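All remarks here apply to the structure that follows.
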Amino acid sequence: MESSSSNDAPDRSLHLRMIDRLFTRLLVRYGAQWLRLWDGIEIEVVKEDWSRELKGLSGEAIRYALEHLPDDRPPATATAFRKLCVGRPEYFKELPATKADPAIVKTVLDGLRVEAPASARDWARRLKQREESGDRLTKAQRDMWRAALNESV
């Protein structure tokens, strides 16, 4: 029993030729380091794995991966190479902007409005009053209100 239809054969053949070209590019780039990855493994088995792992990726994605290969080491697995392919900006599409509801925007902005203090140093006076009424302030709070009000210890 055949596992694929006769219509899949040309597509599979084309994909395997692409894998052959890809392996040639990686061999040129990494030389013996690339070949050592496959010592003791039938290269056709490796290519079949890469073919399955990269199936469905665009030529642009594969080109992107080839342009962004690590300098010091080849991708050791088909999965590692696939990660380079899907790192292509095309895979991170920007979502369309949605129009904000003006009523919601107004409600949110109104909730963010803060009344300006009568004086820029009211915060320091409030800290001073808290301390004088017996609240324990941190050293930083004590130092800050004193500095703001030009009062020394």
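Overview of results
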{"quantity": "Loop sites in the stretch 57-112: chymotrypsin sites (Phe, Trp or Tyr not before Pro), DSSP, at most 14 other Cβ within 10 Å", "calculated": "Phe92"}
{"quantity": "For the stretch 98-112 versus the stretch 35-86, the gap between their alpha-carbon centres in whole angstrom", "calculated": "49 Å"}
{"quantity": "Loop-located trypsin sites (Lys or Arg not before Pro) in the stretch 16-57 whose Cβ has at most 15 other Cβ within 10 Å (DSSP)", "calculated": "Lys55"}
{"quantity": "At q = 0.15, 0.24 Å⁻¹, base-10 log of I(q)/I(0) for the stretch 8-91 (Debye sum, equal scatterers on each alpha carbon)", "calculated": "-0.52, -1.32"}
{"quantity": "Charge context of Arg29, other residues only, Cβ under 12 angstrom, K/R +1, D/E -1", "calculated": "-1"}
{"quantity": "Environment charge of Trp50, counting only residues whose C-beta is closer than 11 Å and scoring Lys/Arg +1, Asp/Glu -1", "calculated": "-1"}
{"quantity": "Whole-Å semi-axes of the ellipsoid equivalent to the stretch 102-148 (Cα gyration tensor, √5λ, descending)", "calculated": "33, 11, 9"}
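Every number in this text was worked out from the coordinates using simple rules, so none of it is lab data. Treat the numbers as computed from the prediction; the structure is a model and nothing was measured. For neighbour counting, all protein chains shown are included, and Cβ atoms are generated from backbone atoms with ideal geometry for every residue, glycine included.
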